Each structure stands twice: as structure tokens, then as C-alpha cells.
Amino acid sequence: MNSINGKDLLAIGYQQGKILGLALEVLEKHYQEAEHEAVLALMKDLLERPEAFLDHEVLEDLATKMIEEAKEIESTIFLNNSAKEFAVYGAEHIADGAVAQMRTAMKLPVTVAGALMPDAHQGYGLPIGGVLATKNAVIPYGVGVDIGCRMALSIFDITEEDFVRNHDTYKRELIAQTRFGAGHGYHGKHRSEHAVLDRNEFNMTQFIKTLKDKAYSQLGTSGGGNHFVEWGIIEFAEDDQPLNIPKGKYLALLSHSGSRGLGATIAGYYTRLAKELCKLPKEAANLAFLDMNTEAGQEYWLAMNLAGDYASACHQVIHDKLTKAIGGTLLAKVENHHNFAWKEIWNGEEVIVHRKGATPAGKGVMGIIPGSMTAPGFLVRGKGEENAINSASHGAGRQMSRTSAMQNITRQEMQAMLQANGVTLIGAGLDEAPMAYKDINVVMEAQQELVDIVAKFSPKMVRMADDGSKED
């Protein structure tokens, strides 16, 4: 009786894995009665020359699978053995999972530099709060699903007293001029117009062309998840010359949302394509990249920029509607995005900088870093810190997953916190409760090297999706 086992096959050069299991199955089914040494010699010959067995009546299937696996291994892009060094800000408040994800990204053969922001937490591919500079390659999951997600802030010549006095009017207009919820949009005469819909990129491929109608419908909407539109009071502790705003308190409108279904569909399509074209080891599969010299790389780049400009247009529509509704004079507007890739010069060379949940903070660059629905947000000016790849956090960052927040926070606890902070909430689920987020003050403390605080924004009336947890 033949008694060849896994150890025997390993001894002649087989590796642990699917092929070893299949080989043992074939041996058990067809070679039980064969002479031990002869079968071992046959299996060794098969391992060394599988192409010679493609017509073999018993071993043809196994030989075919061995050749396919060898081709797959051959086409795999391997990671570097060691991770490049990267700067971490606020390390004591960042979970190990996010650091481990960043370390994997730092092993990519295209990686030039990286940094982890103090609001970082685990994501897909790059951690949220991860910044990665690559050479001539773009990573769709390094940008994220909500391409071009951004903050937009409008500051008005309206006093806090006027807001308090006309609270109901501001609430009515906030509800009337915004729309939330995954998949929701405007139809017919309620749709908005914007030049972004006339962009040539909508015609560049049949796939992108099919997304235009949905983009038209969702223009000026905010989706679900952690997206919001809110009224608040912004306080400048001193005059700010670049913005030409004197010291004082002003009513401000702050919005957070991205490219809706357009961006999500583009992200999904090009991530799948990247994974087909760029086979990475399992732990790095979501970091599949597209070479910028390829058609796929250029296509994604154009589609990503279109989605980013579309996200900006959504904010513009919302802010224009509400500015018109309240009749205030706009003193200043600041906008920044945080799920995107940029061509930048770093350390003297052109790189692609991915900021997945990170705010651009080049020298003098303005940005908005929100806290939570009850915690302050901050208007900041970047310091251009090279170790951080000219970046800062994009918010407080989650300390509880959505599931954990819904299981551990009660509606009463959330209401008590809203009341204590004088915040009116319209919509939102428990997954967006303030307690689900890190302390924004601790996060800001950890990035003093990265940004200067220009003004402090205190939320007063927050609108979010009723479904809370859902995003496009």
C-alpha cells in the first residue's frame, strides 16, 4: 500500500498550500497501490516539469493548476522586507491596528514617505489619518471611497445675538436648504445647476458617462455617515490680516461631505481594476496601485479630480442656498479636502501624496479641523512641516467603531451632552454621538508643529442624516 503523506511531498520540494492538498487527494484516489519510490519520483518530476504532464490522464488537472499558481506568484508585486520610517503624531492615542496598516503601506515598492496624523484609526488599505507619498503611482483605496470629501466654512457679518434671536428661522432654513441620507437626491425643478456637470470628463468613458444623471440628482446633497451641515459661532481671538477679519465672534456655516454616489462608484470600479492589475500579497491587497504611465492610472486620475470638483460644487450649492436664505454678507470662505491625492514636490522630487482623512497643511494653507457635534472645530493655517508631508489631522478621529457606539451609548446620554453644550441636533444616529470621538483638544495638542490655530468654531445647530450609519 502507498503511504505517501504531506511530509514526504514537502521533503521533495512541495510547499504548504492548495497544491499540496490537491496532490495528496490525487495520490489517495489514484496511487494507493503504486510503489512508494516510483510515485515519489513521479511527483518530483511533476513539480519540476508540470508542462510535461498537460496530457497526462491522471495528473493533467494538477499540472494545470501548478502552472497557473506559478504564473500568479510570478505576477505578484512583492513588498519590501522592511518598512520605511514614518512620522507619527500623538502616538499614545493611536490604536496599534492603524500603525500596523501604515507600516504595511511603508513597504510598498512605490512608497517614498509617510506620516500618521493624531486622529488616525484603522481603515481599508491606508488607515484613516494616513498620509502616503508614492513615486508615479496612485492608490484608489489610499484616496478612499468618498473621493474629495471636504470641509467648507462660510463666515458672515452676523452676530451671535442675531442667531439666538432668530433661532427658529435658522433651523427652518437649514432643514429646507439641505438634503441628507444615502442615495437621496433632488428631482425635476428642485435640481441645481453647476458648471461641473458640463465637464468633458463625464464623457471620457462609457462607465463615467453612466454616472452623470446620478451626479446631477445628488448635486447639493450631503449623504449619510458623519456628514453634516451646521450653524455655529466662530471666534477670532485676534485680528487676522490674511482673511481681513477683525477680532470677535461671528455666525458661520460649516459643512462636511464628499462626492456622493459619483465618488463611491468611481472608487469601487478603479479599486477592483487596480487589484486585477496590481497583485499584492494578501495583507496589502487594498493598497493596489495604478501606474501613472498607464491608461488606467490616467483614467483614475481624471475621474478622481472630477469627483473632487463635484464634491466642491455640492458644498458651493449648499452654501449659496443658505447664504441667500439668511441674507448675510459673506466675510470669508475657507475650504479644504481630505480624501484625495495630489501631485506635490517633496524632498526635491515630484510625488503623489495620498491624504486619506488628513488635511493639507502646507505653509500658509488654510484648513478646517472639526471636533464633534458638541466639541469645537478649528480654523487653522498650515506650517508646512516636511516630516508630516505638509499635512494635519482631518478631525478628532473615532475612538469607538459605529457598532460599538450604538451598543454602548444611549439616546439619553447623547441628549444630555447636546443640552449641556447648547446644541440643537436635527437627525443623526448614536454612531455619531460625541462620545464616539477622540478629544479634539488632545488631537490639536499633538499637532502644534503642524498648524497654527486661527479661530475656534463652536457648533450650535447641527443637521445630519436620520439614518446615521449609512453612507453612499
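Data for the structure
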{"quantity": "Selection status of LEU20, touching a Phe, Trp or Tyr at 6+ places or on another chain (Cβ under 7 Å), open to solvent by less than 50 Å² (accessible area, probe 1.4 Å) and closer than 16 Å to GLY6 by Cβ", "calculated": "yes"}
{"quantity": "Some residue of segment 186-197 being over 30 Å from PRO434 (Cα atoms), out of contact with any strand residue (DSSP E or B) (no Cβ under 6 Å at 6 or more places or on another chain), among the β-branched types (Val, Ile, Thr) and modelled with pLDDT of 90 or more", "calculated": "yes"}
{"quantity": "Subset of segment 325-335 [over 28 Å from the mean Cα position of the chain (by Cα) and within 19 Å of PHE228 (Cα to Cα)]", "calculated": "ALA325, ILE326"}
{"quantity": "Test set (1) of a type outside the set (Ser, Thr, Tyr); (2) at negative phi; (3) buried (at least 24 other Cβ atoms within 10 Å of the Cβ) - GLY129 fails condition number", "calculated": "(2)"}
{"quantity": "Test: ASP146 is open to solvent by 10 Å² or more (accessible area, probe 1.4 Å) and part of a helix (DSSP H, G or I)", "calculated": "no"}
{"quantity": "Residue among LEU290, LEU243 that is in contact with a helix residue (DSSP H, G or I) (Cβ under 6 Å, 6 or more places away or on another chain) and either closer than 30 Å to GLY422 by Cα or of a type outside the set (Asp, Glu) (or both)", "calculated": "LEU290"}
{"quantity": "Which numbered condition GLN101 fails, given (1) closer than 16 Å to ALA392 by Cβ; (2) open to solvent by 10 Å² or more (accessible area, probe 1.4 Å)", "calculated": "(1)"}
{"quantity": "Some residue of segment 98-105 being assigned to a helix (DSSP H, G or I), in contact with an Asp or Glu (Cβ under 8 Å, 6 or more places away or on another chain), touching a residue at least 12 places away in the same chain (Cβ under 8 Å) and under 26 Å from PHE340 (Cα atoms)", "calculated": "yes"}
{"quantity": "Residue within segment 265-277 that is part of a loop (DSSP other than H, G, I, E, B) and either of a type outside the set (S, T, N, Q) or open to solvent by 50 Å² or more (accessible area, probe 1.4 Å) (or both) present", "calculated": "no"}
{"quantity": "Candidates THR178, THR159, THR205, filtered to the one that is more than 24 Å from GLY371 (Cα to Cα) and either crowded, with 18+ Cβ neighbours inside 10 Å or out of contact with any His (no Cβ under 8 Å at 6 or more places or on another chain) (or both)", "calculated": "THR205"}
{"quantity": "Boolean, GLU299 is over 20 Å from MET151 (Cβ atoms), acidic (Asp, Glu) and outside any strand (DSSP E or B)", "calculated": "yes"}
{"quantity": "Residue that is farthest from SER257 (Cα to Cα) [pool: residues in segment 197-241 that are part of a helix (DSSP H, G or I) and among the small types (Gly, Ala, Ser)]", "calculated": "SER217"}
{"quantity": "Close pairs from segment 7-31: first closer than 21 Å to GLU57 by Cα, partner assigned to a helix (DSSP H, G or I) and open to solvent by 40 Å² or more (accessible area, probe 1.4 Å), Cβ under 7 Å, at least 6 apart", "calculated": "ILE19/LYS65; ILE19/GLU69; LEU22/LYS65"}
{"quantity": "Failed item, numbered, when ALA288 is tested on (1) under 18 Å from the mean Cα position of the chain (by Cα); (2) surrounded by fewer than 21 Cβ atoms within 10 Å (Cβ to Cβ)", "calculated": "(2)"}
{"quantity": "Qualifying residue in segment 331-341 (condition: within 18 Å of ALA392 (Cα to Cα), open to solvent by less than 20 Å² (accessible area, probe 1.4 Å) and assigned to a loop (DSSP other than H, G, I, E, B))", "calculated": "yes"}
{"quantity": "Qualifying position, being surrounded by fewer than 21 Cβ atoms within 10 Å (Cβ to Cβ), of a type outside the set (Lys, Arg) and not in a helix (DSSP H, G or I), among ASN293, ASN305", "calculated": "ASN293"}
{"quantity": "Subset of segment 32-44 [exposed (fewer than 14 other Cβ atoms within 10 Å of the Cβ) and without any contact (Cβ under 8 Å) to a residue 24 or more places away in the chain]", "calculated": "GLU37, ALA38, ALA41"}
{"quantity": "Single unsatisfied condition, ILE426 versus (1) over 21 Å from ILE368 (Cα atoms); (2) out of contact with any Lys or Arg (no Cβ under 6 Å at 6 or more places or on another chain); (3) aliphatic (A, V, I, L, M)", "calculated": "(2)"}
{"quantity": "Which numbered condition GLU48 fails, given (1) open to solvent by 40 Å² or more (accessible area, probe 1.4 Å); (2) in contact with a His (Cβ under 8 Å, 6 or more places away or on another chain)", "calculated": "(2)"}
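The values are calculated or read from the model by the stated rules, or taken from the named source; none is laboratory data. These numbers come from a predicted model, not from an experiment. Glycine also receives a Cβ, built like all others from the backbone with ideal geometry; neighbour counts cover every protein chain displayed. Heavy atoms of the whole protein, side chains included, go into the accessibility calculation; ligands, DNA and RNA do not. Shrake-Rupley method; radii C 1.70, N 1.55, O 1.52, S 1.80 Å.
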